[in-house]
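Q: Structure provided below as structure tokens; questions to follow.
The values are calculated or read from the model by the stated rules, or taken from the named source; none is laboratory data. Just so it is clear, the structure is predicted and the values come from calculations on it, not from any experiment. In this analysis, Cβ positions are derived from the backbone assuming ideal geometry, glycine residues included, and neighbour counts consider all displayed protein chains. All accessible areas refer to the heavy atoms of the entire protein, side chains included, with ligands and DNA or RNA removed. Shrake-Rupley method; radii C 1.70, N 1.55, O 1.52, S 1.80 Å.
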Amino acid sequence: MTTPRLGLDQAAATVPVEDTRVPDGRRSWGSRLVRGVVVLLLLAFSVLFMYPFVWLVSASLKPREQVFDNRLVPENPTLANYVSVWQEAPMLLWIGNTVLVTVLAAVAVTISSAMVAWGFAYYRFRGRNLLFGLVLASMMLPGAVTMIPVFLIWNSLGQIDTLTPLWAGNLFGSAFYIFLLRQFFLGLPREIFEAARVDGAGHWTMFWRLAIPLCRPALVVTLIFEFQAAWTDLMRPLIYLRDSTNYTIPRGLKALLDRYGFGGEWHWEIIVTASVITTVPMIILFFLAQRHFVSGIATTGSKG
Amino acid sequence: MTVQDGRRGVAVPTHGTAPLQEVARRRWPWPGRSRPRPRVNRGDWKPALLFLLPWIVGFAVFTAWPVFYTAYLSLTDYDVINAPTFVGLDNYERLVQDAGARRAMGNTLFYTALQVPLYVLFSLFLALLLNQAGRASGFFRTVFFLPNMTPPVATGVLLLLLFNGQDGLVNEVLGWFGINGPAWTTDPQWVKPGLILMSLLSVGGSVIILLAALRNVPQELYDAAMVDGAGFWRRTWSVTVPMISGPLFFVIIVNTIAALQSFTEAYTAFFGVGTSTYSNDAAEFYAIHIFREAFEFLRMGYASALAWLLFVVIMIITAIQVVVSKRFVFYEGENR
């Protein structure tokens, strides 16, 4: 697979997708009608997309008997469910574990992937295309194939039931982010680096003090994507964590579902409230980093 | 300095000599070595190695070795506690006879075959709408992406709540139209449709990719088509779809691979500690089957064989998609 060297126009793709086709002032009644129908349809879909979350939050404020009453505004809103979740489960501990894992995972994968991407983008050496082909190929490998041996590695290192396996693998870069960041590095004008070399900058200086600051938008995208991936991951916590004090939030939510759902009598109010607690940090992240999400995703697909 | 890349018709930056001297005259903020040393960096293995080392180590330890080791494990009996014992092709023989594996593969293929087309068509539909929405599209884009932020575990919980057969919201809404909704979460026939419908909420990412592609279609093409008398559908089919076929294909491939490996939502909603009381064959996807064989029943050797089969299936399906797409995907600049 050959990857074309991309020009500066690639960097322009990081700009968030904005409306390029501004309405041209005068419009015919026909096109206004079309526009009106389109907006109405979009509004209908928006309600469909938002409703589950509004419903979830509202349900978490209702007592157990009323969780399913499908009334959007609770009759007597109460925070009692939050108190009882806090008493039933070590929520604060789980949140702390999750924050620790996600921050380490995101920082580790960003720095290591940037290093590797830089190595592929700037240096020319024999076998480069072959190696990069391996990077791309490893993207296609399903996780199930490596799952068991990777578990055995962490097992033999005595890291089962610790948080290490959830993030330490990220220290070695990840194919998808290497690919993404390499595209950005290739978009930087090479003259800058050649000039730095002439001025006596070492390889590390060039990377750390020139390349890294210049591709900050791409690094932010990587950080956010990995943060989301690590926060929402369930499978690895299921594999690696045993003791409930080590759980991350999604693993904890699953445990609560097992205990207060499948385990016997359904305590929906606890499960609903824990779901809200699991989801809210992601929603906050989304609103803080909304533009980066959009630009990052728009860029990933453009290569086809 | 840029140079015109004739083949692709785009400007590509080069490292010409004139601007090099220009930039080199500026002072850089870091303490430089006393004497500038111009160097050509062809064949720069050593410094490159410094940067590539993390990946080389990671690839060897976490990808290359595991791939060979699962291949080996698939020929053994292994329960983590005792050393693996070689059993030849027994695991594969068992795989062929294992009704559970067959059911799981069937579930997965059924889900993928239904979910991917629906998912892609729905994202394309929303992207086309957004493309017509003008200034309002920014707001809607945000709204449509929001469900992507829900952790899949929470989506699993939501599935159980909204699609609850007795008092779930979905059936209540269906009731308004006089439809008696099915027991989505308990009736084996309706479990996968429920999962598919729930998954449609997370089309946001694909919508953004397709919308970005739509925005890149040159307006002139539409104008020309209009002059030629092409109506809306004709323009969509003959201009829009070919012009975004690259990203469209990307969305299809990525979602197919993801669908073949789906795990979390179905596992959350239908499997748990009390599996014996709440196991649901209809929701047991192949990835769930592998996970349970490996980590619940500790049959690592057999699970490795299962994993290899998944790998082969994914490769075959992706290869078919690539071959088929060669006829439909149009890359700009290819035929210029």
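Q: Checking B:Tyr78 against (1) touching a residue at least 24 places away in the same chain (Cβ under 8 Å); (2) under 30 Å from A:Met147 (Cα atoms); (3) under 26 Å from the mean Cα position of the chain (by Cα): exactly one of these is not met. Which one?
A: (3)
Q: So, in region A:67-86, of the ones that are assigned to a helix (DSSP H, G or I) and without any contact (Cβ under 8 Å) to a residue 12 or more places away in the chain, which residue ends up farthest from the other protein chains (Cβ to nearest Cβ)?
A: Result: A:Val83.
Q: Among the residues of region A:116-141, which ones are touching a residue at least 40 places away in the same chain (Cβ under 8 Å) and either in contact with an Asp or Glu (Cβ under 7 Å, 6 or more places away or on another chain) or within 30 Å of B:Met315 (Cβ to Cβ) (or both)?
A: A:Val116, A:Ala117, A:Phe120, A:Ala121, A:Asn129, A:Phe132, A:Gly133, A:Val135, A:Leu136, A:Met139
Q: Would you confirm, using the coordinates I've provided, whether A:Ala80 is within 27 Å of the chain's Cα centre (by Cα) and either modelled with pLDDT under 90 or not polar (S, T, N, Q) (or both)?
A: No.
Q: Something else now. Test of understanding: among B:Arg141, B:Arg135, which residue is loosely packed, with under 15 Cβ neighbours inside 10 Å, over 29 Å from B:Ala303 (Cβ atoms), within 11 Å of chain A (Cβ to nearest Cβ) and of a type in the set (Lys, Arg)?
A: The conditions single out B:Arg135.
Q: Specify the residue that is farthest from the other protein chains (Cβ to nearest Cβ); the eligible residues are those in region B:122-132 that are open to solvent by 10 Å² or more (accessible area, probe 1.4 Å) and under 22 Å from the mean Cα position of the chain (by Cα).
A: Per the criteria, the residue is B:Leu124.
Q: In region B:17-33, is there at least one residue being at pLDDT 50 or above and within 27 Å of B:Phe285 (Cβ to Cβ)?
A: No, region B:17-33 contains no residue that is at pLDDT 50 or above and within 27 Å of B:Phe285 (Cβ to Cβ).
Q: Across region B:162-188, which residue is least open to solvent (accessible area, probe 1.4 Å) among those that are within 7 Å of chain A (Cβ to nearest Cβ) and aliphatic (A, V, I, L, M)?
A: Top of the filtered list is B:Leu162.
Q: What's the number of the condition B:Pro218 fails, among (1) crowded, with 22+ Cβ neighbours inside 10 Å; (2) closer than 26 Å to A:Leu42 by Cβ; (3) not hydrophobic (A, V, I, L, M, F, W, C)?
A: All conditions pass for B:Pro218, except number (1).
Q: To continue, here is another question. Any chance region B:145-155 includes a residue that's away from chain A (no Cβ under 12 Å), in contact with a Phe, Trp or Tyr (Cβ under 6 Å, 6 or more places away or on another chain) and open to solvent by less than 10 Å² (accessible area, probe 1.4 Å)?
A: For region B:145-155, residues away from chain A (no Cβ under 12 Å), in contact with a Phe, Trp or Tyr (Cβ under 6 Å, 6 or more places away or on another chain) and open to solvent by less than 10 Å² (accessible area, probe 1.4 Å): absent.
Q: Something else now. Quick check on my filter: what residues within region A:212-233 are more than 11 Å from chain B (Cβ to nearest Cβ) and not in a helix (DSSP H, G or I)?
A: Within region A:212-233, A:Cys215 is the sole residue that qualifies.
Q: Follow-up question, since we're still on this one. Give me a count of the residues in region A:113-133 that are more than 8 Å from chain B (Cβ to nearest Cβ) and of a type in the set (A, V, I, L, M).
A: The number of residues fulfilling the criteria is 4.
Q: Having 2 or more residues that are in contact with a helix residue (DSSP H, G or I) (Cβ under 6 Å, 6 or more places away or on another chain), farther than 18 Å from B:Ala154 by Cα and open to solvent by 10 Å² or more (accessible area, probe 1.4 Å) is the bar; report the helices (runs of 4 or more DSSP H) wholly within region A:234-304 that clear it.
A: Per the criteria, A:268-301.
Q: May I ask you to verify whether A:Leu136 is at pLDDT 90 or above, within 20 Å of B:Pro66 (Cβ to Cβ) and either away from chain B (no Cβ under 11 Å) or not in a loop (DSSP other than H, G, I, E, B) (or both)?
A: yes
Q: Mind counting the residues in region A:41-59 that are surrounded by 18 or more Cβ atoms within 10 Å (Cβ to Cβ) and of a type in the set (Ser, Thr, Tyr)?
A: Selection size over region A:41-59: 1.
Q: Filter region B:98-121 down to residues that are over 16 Å from the mean Cα position of the chain (by Cα) and either among the aromatic types (Phe, Trp, Tyr) or surrounded by fewer than 20 Cβ atoms within 10 Å (Cβ to Cβ) (or both), then give me how many there are.
A: The total comes to 7.
Q: Only one of (1) loosely packed, with under 15 Cβ neighbours inside 10 Å; (2) assigned to a loop (DSSP other than H, G, I, E, B) is not met by A:Lys62, so which one is it?
A: With respect to (1) loosely packed, with under 15 Cβ neighbours inside 10 Å; (2) assigned to a loop (DSSP other than H, G, I, E, B), A:Lys62 is out only on (1).
Q: Would you pick out the residues in region B:58-97 that are open to solvent by 50 Å² or more (accessible area, probe 1.4 Å) and touching a helix residue (DSSP H, G or I) at 6+ places or on another chain (Cβ under 6 Å)?
A: Listed by number, the residues that qualify are B:Tyr69, B:Asp77, B:Tyr92.
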